Structure formats: structure tokens, C-alpha cells
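Below is one structure, written out as C-alpha cells; comments come after it.
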Amino acid sequence: MRRSLQACLLALVCTVATPAFPGSSNAGAKDVIVDIFAVQSWDSLGAINAPPAQEENPEEPSPPPPSDPVPLPPPFAVVGQWLERNMRMVILERKGETFILCSSACNIRGAVLVDQKITDGYRFKKMNGNALIVAGSDGMLHALDLS
């Protein structure tokens, strides 16, 4: 009796656990192939969870145009200058380093002359009136005020 009850329960569990597909019987369930990668379109993928399209309000003003870009701070700070025999010398400072620039050939050891590299891709271009012109590695010119 016990053995027949176990067989009956096993048959019931197998019948319930075997999936049934439309148009097929449990006996042929082993032969059913399910395409889990069914063909879909992009529209069908986004249409289900997509929020409803919002209509643009033509009365709403457009955002203002971007303002002029904020100028970058000068790459160097002018910390000193002097004149000697009609020659102007300027002392620049950047990240704790000090550089001496001469408007023409001078006898100061380590001084940077016109068209020479200062540091990190910056080059001393010219000194005129109250401005010192320095070119960056990107070709951008920076004017440092000497007044």
C-alpha cells in the first residue's frame, strides 16, 4: 500500500511539474523548443516603459545664450621688475618657481630671452610697453600686465 501511494504521488508531481504548451500534450513536452530570443524591433523595446512624449510649449522662452567664457587666470604672476641700462628685466613666479626674463641679451645667469622656453611649454614671446606676452603650448597668447 505504501509503495502504491508513493507511485501515485510521484505520478501526480510529474504531471504538475511538466509544463504544458498550447497545442501540445505533456507526453510531447520534451520535443517543444522555446525561442527565448524572439525577434523584436527597437520600437517594441522602448514603447512599453517610455514616458509619454511631452509637447514643447512654444510660449516658453528659450534659454539665454551662454555668456562670454570666463578668462583663465594668467599662467604666471609678475612679482618684480627693474630697468638697467635701458633694458627691462621682469621676475615671474609660477608654482613656487621663479623666472627672470630679459627684454634683450643680459648677463644674468639662467635668464630667459625672447623666443626662449620658460617652462612647461610656455615661451616668452615679447615685452612691449606695459605688457609681457607669453605663448602657451597650445599657441594661446597670454598678456601679463607690467604697469
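Rule-based calculations on the coordinates, nothing more; no lab input. Given the structure is predicted, the values throughout are model-derived calculations rather than measurements.
Tabulated values for the structure
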| read-out | value |
| --- | --- |
| Distant-in-sequence amide H partners of VAL112 (H built 1.01 Å from N, under 5 Å) | ILE100, LEU101, CYS102 |
| Note, ³J(HN,Hα) from phi for segment 124-129, Karplus 6.51, -1.76, 1.60, rounded to Hz, x at Gly and Pro | 6, 8, 6, 10, 9, x |
